[in-house]
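All remarks here apply to the structure that follows.
The values are calculated or read from the model by the stated rules, or taken from the named source; none is laboratory data. Only a predicted model underlies this, so the values are computations on that prediction, with no experimental measurement involved. All Cβ positions, even for glycine, are placed from backbone atoms using ideal geometry, and neighbour counts span all protein chains on display.
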Amino acid sequence: MKEKHPFAPYVVFSSVIAALGAFLFGYHTAIISGAILFITEEFGLTFFQQEFLISSTLIGCVIGALSGGISDYFGRKRTLIYDAFIYLIATFLLFDAQSYGMLITGRIVVGFAIGIASVTVPLYIAEIAPAESRGRLVSLNQLLITIGILVSFWVAYIYAAQENWRTMFSFAMIPALVQLFCLLFISETPAWLLSKGKSKQAEKALHRLKMASPKAHLTPQEKKQNQPMRKKFKALLSPEVRAPVLIGIGISIFQQITGINTVIYYAPRVFQYAGFQSEESAILATVWVGVVNVVMTIVGLWLVDRIGRRPLVLIGVAGMTVCLAVLASSFMFEAKVGVLSVVAILAYIGFFAPGLGIVTWLIISEIYPLGIRGRAMSVATFFNWGANYVVSLTFLTLIQLLTIGGTYWLFTLICIGCFIFIWKKVPETKGKTFEQIQAFWQK
Ligand code: BGC
């Protein structure tokens, strides 16, 4: 019988605590869609002010993602602790906001925290996980993002009756406080400690995490690569790392320009285009988006170390392409309430979640050499948020220019491009140690 490799409960504990940063990522990105209605009433916001309030978070995310590379200097654990603090400060600013300026500040600061979390959480988990189950453990990142989104829909729904937007924001204090407290008990990653020459502490960490051998996590080659690259982002341009750096950027951009957040951020509006009359029914349909997202992420989590990253993401993108084509046609040809469009939207989410949802974050935590890992992830994540910003900002204009059907035809074409890119460029990393992945690039 094939031997199974169980992972230590402490590894699961540490991964879940780190992934609370991803929960807050999901929660804060989505809660605004519920809160904005009541904020608009209270502060009398114009359309432009609303749009800026929503997009200001993405500006914070872009800056935060670029700052995520600080974990190469401060360590992964310390960066997570700083980040939990920033989440708390931002939440307090939002809860207590007395003016539009304070709201904007709060949303930019929360975006900054999200940006840092989106780099550091998958990176941290990848470095403490055993190779055989790294896929599942890193996917906790995506699972908690989706749970965060779902919980935010639910909290918004509950507090909408009281028009209580402050509580919608402040709910996020609970997970942030729990995370901050529990972070004190998690271990720094052995790989980072070794890269800083702290071998005694690394030994201890390896022991606590029940990891087999430091060799698997830091090869002599990696140690060498680590030295001259320590200082600058410029190191990412050197020819030895060019391929993984470009692949990371490519998949991150494709994750966004295939249209996911036109559904996550604008779902009620898209459902209204699909023929839902009342806001209530459109919002209820949105809750289903959240549910499918979580359920299919769990399916992906179960599959990712079994069938591998490539099959999962290729099937996912192929499925998304078909759904987008169906959605685009249904907007063009269906007269009234589009059952077909609703099914297409839900199926699209169902293919995104285990595919581009899980695999993007996983791949960018796995493919880089240790010496540049933090910075390379940070750059890929910067492009992820940048592309997200561009899509979110242009979506409504695109609808005006191309109609909603035409816009989704555009996303269909981009999805085909994404499939070809992944097919040709993204390597399989299932079950491979970081050492083996590096050996692949050297070839
Ligand atoms: C993406 C987010 C998206 C979320 C939806 C994440 O992987 O980066 O932009 O909103 O998935 O579940």
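Before moving on, here are some points about what is shown:
- Hits in region 265-323 - residues which are charged (D, E, K, R) and either closer than 16 Å to L356 by Cβ or free of Cβ contacts under 8 Å to residues at least 24 places away in the same chain (or both): R269, E279, E280, R306, R309, R310
- G316, sole failed condition from (1) modelled with pLDDT of 95 or more; (2) of a type outside the set (K, R); (3) away from the ligand (no atom under 13 Å from the Cβ): (3)
For every residue, the table says whether it meets (1) within 11 Å of the ligand (Cβ to nearest atom); (2) surrounded by fewer than 18 Cβ atoms within 10 Å (Cβ to Cβ); (3) of a type in the set (S, T, Y).
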site: I249; (1), (2), (3): no, no, no
site: S252; (1), (2), (3): yes, no, yes
site: Q255; (1), (2), (3): yes, no, no
site: F271; (1), (2), (3): no, no, no
site: A274; (1), (2), (3): no, no, no
site: A282; (1), (2), (3): no, no, no
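- Evaluation of F351 against (1) under 14 Å from the mean Cα position of the chain (by Cα); (2) within 13 Å of the ligand (Cβ to nearest atom) (one fails), failing number: (1)
- Residue, nearest to the ligand (Cβ to nearest atom), within region 16-52, restricted to residues that are assigned to a loop (DSSP other than H, G, I, E, B) and not hydroxyl-bearing (S, T, Y): L45
- Here V426 meets the list (1) modelled with pLDDT of 95 or more; (2) farther than 23 Å from S133 by Cβ almost entirely, failing just condition (2).
- In region 104-127, residue farthest from the ligand (Cβ to nearest atom) [restricted to those that are surrounded by 24 or more Cβ atoms within 10 Å (Cβ to Cβ) and under 23 Å from T46 (Cα atoms)]: G106
- Residue in region 369-381 that is under 22 Å from the mean Cα position of the chain (by Cα), within 12 Å of the ligand (Cβ to nearest atom) and crowded, with 20+ Cβ neighbours inside 10 Å present: yes
- A residue that is within 24 Å of V304 (Cβ to Cβ) and under 17 Å from the mean Cα position of the chain (by Cα) occurs nowhere in region 185-196.
- Residue match in region 183-193 (condition: without any contact (Cβ under 8 Å) to a residue 60 or more places away in the chain, among the aromatic types (F, W, Y), more than 16 Å from the ligand (Cβ to nearest atom) and not in a loop (DSSP other than H, G, I, E, B)): no
- Residue that is nearest to the ligand (Cβ to nearest atom) [pool: residues in region 233-247 that are out of contact with any helix residue (DSSP H, G or I) (no Cβ under 7 Å at 6 or more places or on another chain) and among the hydrophobic types (A, V, I, L, M, F, W, C)]: L246
- Residues in region 158-176 that are exposed (fewer than 15 other Cβ atoms within 10 Å of the Cβ) and more than 14 Å from L94 (Cα to Cα): I158, A161, Q162, E163, I174.
- Residue satisfying condition, being surrounded by fewer than 24 Cβ atoms within 10 Å (Cβ to Cβ) and in contact with an Asp or Glu (Cβ under 7 Å, 6 or more places away or on another chain), within set Q442, Q438, Q400: Q438
- Test: residue in region 128-144 that is within 16 Å of the ligand (Cβ to nearest atom), in contact with a Lys or Arg (Cβ under 8 Å, 6 or more places away or on another chain) and more than 20 Å from W385 (Cα to Cα): yes
- Set S281, S330: member being in contact with a helix residue (DSSP H, G or I) (Cβ under 7 Å, 6 or more places away or on another chain), over 30 Å from I364 (Cβ atoms) and in a helix (DSSP H, G or I): S330
- Hey, T321 away from the ligand (no atom under 16 Å from the Cβ) and polar (S, T, N, Q) or not: yes
- G68 vs. criteria touching a residue at least 12 places away in the same chain (Cβ under 8 Å), within 16 Å of the ligand (Cβ to nearest atom) and either of a type in the set (K, R) or in contact with a helix residue (DSSP H, G or I) (Cβ under 9 Å, 6 or more places away or on another chain) (or both): yes
- With respect to the stated conditions, S392 is within 16 Å of the ligand (Cβ to nearest atom), at pLDDT below 95, within 24 Å of C323 (Cβ to Cβ) and of a type in the set (S, T, Y).
- F112, sole failed condition from (1) closer than 14 Å to K77 by Cβ; (2) under 21 Å from the mean Cα position of the chain (by Cα): (1)
- Scanning region 116-145 for residues that are farther than 13 Å from W361 by Cα and either charged (D, E, K, R) or assigned to a helix (DSSP H, G or I) (or both) turns up I116, E127, I128, A131, E132, S133.
- Test for I247: is it modelled with pLDDT of 95 or more and within 30 Å of L314 (Cα to Cα): yes
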